[in-house]
Amino acid sequence: VDVYVKLAMEYDLPMLWLRSMTDDEVKEYPHFAARMKQTVEQMDQRKLPVLDHLLQFYGPDDLVAREKLYGDAIDQLREGVSLLIIHSAIDGPELQGITTSHKRRHQDYELFSRPEQKENILKKGIELTSWKQLTQELRRS
């Protein structure tokens, strides 16, 4: 954790960091929790983005259920900066050789490659952005 934060600060780079943590997250990631407040202050001073919400899902393996899971999560997003981590990939022998999650990764690829998925996200008023765009926007303000 210390090296991660040090490098981000030294090179003025955005990094995956949450503004706050739940009690369960504090128990699971005590090293991050110990650095939480100080790091958020440093990032705010440098006008680097800090996440309000982080979403990542490992199941289910069924495409329909996975689509519903993502749809519900997107519908329930709260205001702030959120990161939805997906691991999209095209299934094949190479992917199957490196991970047992190849089926879910291909489903992520299928779901998030659909034009209607992007349209649905934008219809809800969600802005799709990048770390670079977010950092530039913070520094303009």
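With respect to the stated conditions, Ala33 is touching an Asp or Glu at 6+ places or on another chain (Cβ under 9 Å) and among the small types (Gly, Ala, Ser). Here the range 1-31 is the region considered, the condition is being among the hydroxyl-bearing types (Ser, Thr, Tyr) and over 18 Å from Ser82 (Cβ atoms), and the residue that is surrounded by the fewest Cβ atoms within 10 Å (Cβ to Cβ) is Tyr11. Of all the listed residues (Ala34, Ala65), the sole one being open to solvent by less than 70 Å² (accessible area, probe 1.4 Å), among the hydrophobic types (A, V, I, L, M, F, W, C) and either in contact with a helix residue (DSSP H, G or I) (Cβ under 9 Å, 6 or more places away or on another chain) or more than 17 Å from Leu134 (Cα to Cα) (or both) is Ala65.
The values are calculated or read from the model by the stated rules, or taken from the named source; none is laboratory data. Quick caveat: nothing in here was measured; it's all calculated off a predicted structure. For neighbour counting, all protein chains shown are included, and Cβ atoms are generated from backbone atoms with ideal geometry for every residue, glycine included. To get the accessible areas, we keep the full protein, side chains included, count just its heavy atoms, and leave off ligands, DNA and RNA. Shrake-Rupley method; radii C 1.70, N 1.55, O 1.52, S 1.80 Å.
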